[in-house]
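Undergrad: Can you keep this structure in mind? I'll have questions shortly.
Derivation of every value follows stated rules applied to the coordinates shown; laboratory data play no part. Keep in mind that what you see is a predicted model, and the values were worked out from it rather than measured. All Cβ positions, even for glycine, are placed from backbone atoms using ideal geometry, and neighbour counts span all protein chains on display.
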Amino acid sequence: MSINKLIENAWSHLQPRQQDILAGRFGVGEYDEQQTLAALGDRYGITRERVRQIESAALASLREGLSEYPEAKALVEKVRKVVKEHGGVASVDQVIAGTRADAKDITPNSLQLIIRAMNSIHYHAGDDRFVAAYATDAATFKQASETVSAWIKLLEQKKGSVISGDAYRKLLSSFSKDRGVPLRHLEHFASLSKQIVTNSYGETGLSHWTEVNPRTVRDQIYLILRKHDAPLHFEEIATAINKSGISARPALSATVHNELIKDERFVLVGRGKYALAEAGYEPGTARDVVHRILSQKGPLTPPEVIQAVQKERLFKPNTILVNLQNRQHFTRNPDGTYQVREA
């Protein structure tokens, strides 16, 4: 079956302007992209409302033309079958994939034109919430949409908490039982949502959660350090970002370094190495860290000081000992321990 030939035959009885407006509105024939009502109105010197009227009348006429071709009815039934297999709602890409064997020249635009003309399957154009999709009817799409909205509302209660693959499926399974929706259908409906995303680490959350969908370099750095759970050199962080696939743009080492310096979430723990402050790492010079540890723990021996400092910073032992022997800040006790010098 040739879809282009089917369209040409079915609308052959339409006026040239009707054909051109349909072609423009749906992006078929000589048009590479769908045209707005305003653009076609300017082309013909008529109002947008008049273009809408012509489009509506032309679709009705095309419906009559298509009804004479068994191929058109077969295509609609094939689309309906694909949609039903996906629980009543299927993305445009899924429908195209499911019908291409029968119509190799089919495109999203030509399919949309035929489905809209036949007026037997609901079409969702796609918006900021869902991808473009077909449904058995408007009620089915509304029900799927409301189910996904309820699922998103539940996820909102876990704001800022990414969910691993196993935990996500377990939570989704519980929700599907509560809603009386088969799990495989619920998983599919959720996959059509633009508000639910899964990152390259298999963690799922809402698209505005930076923990799962980092958009800035700073947020990408945070995700990398959180996943590695250990200090990394800024060049290693840049390499990890690029390998992870979390960013469409390559991360440059210089850019990563600049962002690390600016953000208090990140702590310099060694030469070029950074860690997360939330993991217990605190900023400051070697002397600052020694001073804080002795203030918190009281007198310690040099080996104890080195061990305590290196739990959170990557200072060399000699660097720690040199600072420990600063008599303006620290005092050596008779038993060999050190403490903060009293003011």
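Undergrad: Based only on Cα atoms, what Rg/Rh ratio does segment 247-343 have, Rh being taken as Kirkwood's radius? Can you show the working numbers first?
TA: Details: Rg = 16.2 Å, Rh = 14.7 Å.
Ratio of gyration radius to Kirkwood radius for segment 247-343: 1.10.
Undergrad: When the chain is fully extended, how far beyond the present Cα-Cα distance does residue 143 get from residue 216, taking 0.36 nm per residue of separation?
TA: 22.8 nm
Undergrad: Also: Could you size up the charge dipole of segment 266-334 around its Cα centre, putting +1 on the beta carbon of Lys and Arg and -1 on that of Asp and Glu, and report it in debye to the nearest 20?
TA: 240
Undergrad: How big is D for the chain, in µm² s⁻¹ as a whole number, if Stokes-Einstein is applied with the Kirkwood radius of its Cα pairs at 25 °C and 0.890 mPa s?
TA: For the chosen part, D equals 97 µm²/s.
Undergrad: Place a +1 charge on the Cβ of each Lys and Arg in segment 9-161 and a -1 charge on the Cβ of each Asp and Glu, then give the dipole magnitude about the Cα centre in debye, rounded to the nearest 20.
TA: Working: 20 positive and 20 negative charges, 87 e Å.
With Lys and Arg at +1 and Asp and Glu at -1, about 420 debye.
Undergrad: Quick one: 3J(HN,Hα) in Hz for segment 37-54, Karplus 6.51/-1.76/1.60 with θ = phi - 60°, rounded, Gly and Pro as x.
TA: Those phi angles translate into 4, 5, 5, 6, x, 5, 5, 9, x, 10, 6, 4, 5, 5, 4, 4, 5, 5 Hz.
Undergrad: In the calculated pair distance distribution of segment 138-206, what percentage of Cα-Cα distances lie above 16 Å?
TA: On the way: 1007 of 2346 pairs.
Summing the P(r) tail past 16 Å for segment 138-206 gives 43 percent.
Undergrad: For residue 101 and residue 288, what is the calculated FRET efficiency with R₀ set at 51 Å and r taken between the beta-carbons, to the nearest 0.05?
TA: 0.15
Undergrad: Another question, then. Stretched out fully, how many nm does the piece from residue 44 to residue 68 gain, at 0.36 nm a residue minus the Cα gap?
TA: The span from residue 44 to residue 68 would gain 5.6 nm if fully extended.
Undergrad: Compute, for the chain, the length of the dipole vector about the Cα centre, with Cβ point charges of +1 (Lys, Arg) and -1 (Asp, Glu) only. Units Debye, rounded to 20. Provide the component values of the computation, followed by the final result.
TA: Working: 46 positive and 40 negative charges, 164 e Å.
For this selection, approximately 780 debye.
Undergrad: Once R0 is set to 22 Å, what does the formula 1/(1 + (r/R0)^6) return for the Cβ-Cβ distance between residue 170 and residue 279, expressed as a FRET efficiency to the nearest 0.05?
TA: It comes to 0.25.
Undergrad: For the chain, which longest stretch is free of loop sites, where a loop site is one of the trypsin sites (Lys or Arg not before Pro) that DSSP puts outside H, G, I, E and B and that has at most 10 other Cβ atoms within 10 Å?
TA: 105-270
Undergrad: Under the Karplus relation 6.51 cos²θ - 1.76 cosθ + 1.60, θ = phi - 60°, what is the ordered set of whole-Hz ³J(HN,Hα) values for segment 202-208, x standing for Gly and Pro?
TA: x, 9, 10, x, 8, 4, 8
Undergrad: May I pose another question? I need the GluC sites (Glu not before Pro) found in segment 3-72, filtered to DSSP loop residues with at most 14 other beta carbons within 10 Å of theirs. Could you put the intermediate results ahead of the total?
TA: On the way: sites: 8, 30, 33, 49, 55, 64, 68, 71; in loops: 30, 33, 68.
Sites meeting the loop and neighbour criteria: 30, 33, 68.
Undergrad: OK, next. Taking the alpha carbon gyration tensor of segment 286-340, what are the square roots of 5 times its eigenvalues, largest first, to the nearest whole Å? Don't skip to the end; give the middle numbers.
TA: Details: eigenvalues 48, 25, 21 Å².
Semi-axis lengths for segment 286-340 are 16, 11, 10 Å.
Undergrad: For segment 196-321, treating each Cα as an identical point scatterer without solvent, what Debye log10 I(q)/I(0) comes out at q = 0.10, 0.12, 0.15, 0.17 1/Å?
TA: Log10 I(q)/I(0), no solvent term: -0.37, -0.51, -0.71, -0.84.
Undergrad: Give me the log10 of I(q) over I(0) for segment 1-125 at q = 0.09 Å⁻¹, as the Debye formula computes it from C-alpha points; what are the numbers?
TA: -0.24
Undergrad: For segment 171-247, count all C-alpha to C-alpha pairs, find those more than 21 Å apart, and express that count as a whole percent of the total.
TA: 39
Undergrad: While we're on this one: For helix 165-179, what angle does its Cα long axis make with the longest principal axis of the chain, in degrees from 0 to 90 and rounded to 10?
TA: Taking Cα atoms only, the helix is inclined about 50 degrees.
Undergrad: Next question. Read phi for every residue in segment 217-225 and hand back ³J(HN,Hα) as whole Hz from Karplus 6.51 cos²θ - 1.76 cosθ + 1.60, θ = phi - 60°, with x for Gly and Pro.
TA: Along segment 217-225, the couplings run 4, 4, 5, 5, 4, 4, 4, 4, 5 Hz.
Undergrad: Next question. Which FRET efficiency value, to the nearest 0.05, is calculated for residue 5 and residue 191 with the Förster distance at 56 angstrom and r the Cβ-Cβ distance?
TA: Working from the Cβ atoms, E equals 0.95.
Undergrad: For residue 300, what residues show an amide H to amide H distance below 5 Å, using hydrogens built from the backbone and excluding near sequence neighbours?
TA: Counting only residues 5 or more places away or on other chains, the set is 338.
Undergrad: Right, something else. Long-range amide H contacts for residue 274: which residues qualify at under 5 Å (H placed 1.01 Å from N, peptide plane, sequence gap of 5 or more or a different chain)?
TA: Under 5 Å from the amide H of residue 274 lie the amide H atoms of 232, 233, 234, 269, each far enough along the sequence or on another chain.
Undergrad: Tell me, in nm to one decimal, what length is gained between residue 248 and residue 301 on full extension, where the rule is 0.36 nm per residue of separation less the Cα-Cα distance?
TA: Going from the current span to full extension adds 14.0 nm.
Undergrad: Can you find, among 193, 224, 291, the residue sitting farthest towards the positive end of the charge dipole of segment 163-297, where Lys and Arg contribute +1 and Asp and Glu -1 at Cβ?
TA: 193
Undergrad: Also, quick follow-up: Identify all lysines with a Cα-Cα distance to residue 297 below 19 Å; exclude those on the same chain that are fewer than 8 residues away in sequence.
TA: List returned: 311.
Undergrad: What number, rounded to the nearest 500 deg cm²/dmol, is the helix-based mean residue ellipticity at 222 nm of the chain, given -39500 (n - 2.57) per DSSP H run of at least four residues and division by all its residues?
TA: Dividing the helical sum by the residues of the chain leaves -16500 deg cm²/dmol.
Undergrad: 5 Å is the cut-off here: which amide hydrogens, built 1.01 Å from N in the peptide plane, fall below it relative to residue 330, excluding neighbours closer than 5 in sequence?
TA: Amide H to amide H, under 5 Å and 5 or more residues apart or across chains, residue 330 pairs with 341.
Undergrad: Before anything else, pin down the relative contact order of the chain: Cα pairs under 8 Å, at least 6 apart, normalised by residue count, whole percent. Show your work: numbers first, answer last.
TA: Values: 444 pairs, mean separation 31.6, N = 343.
The value is 9 percent.
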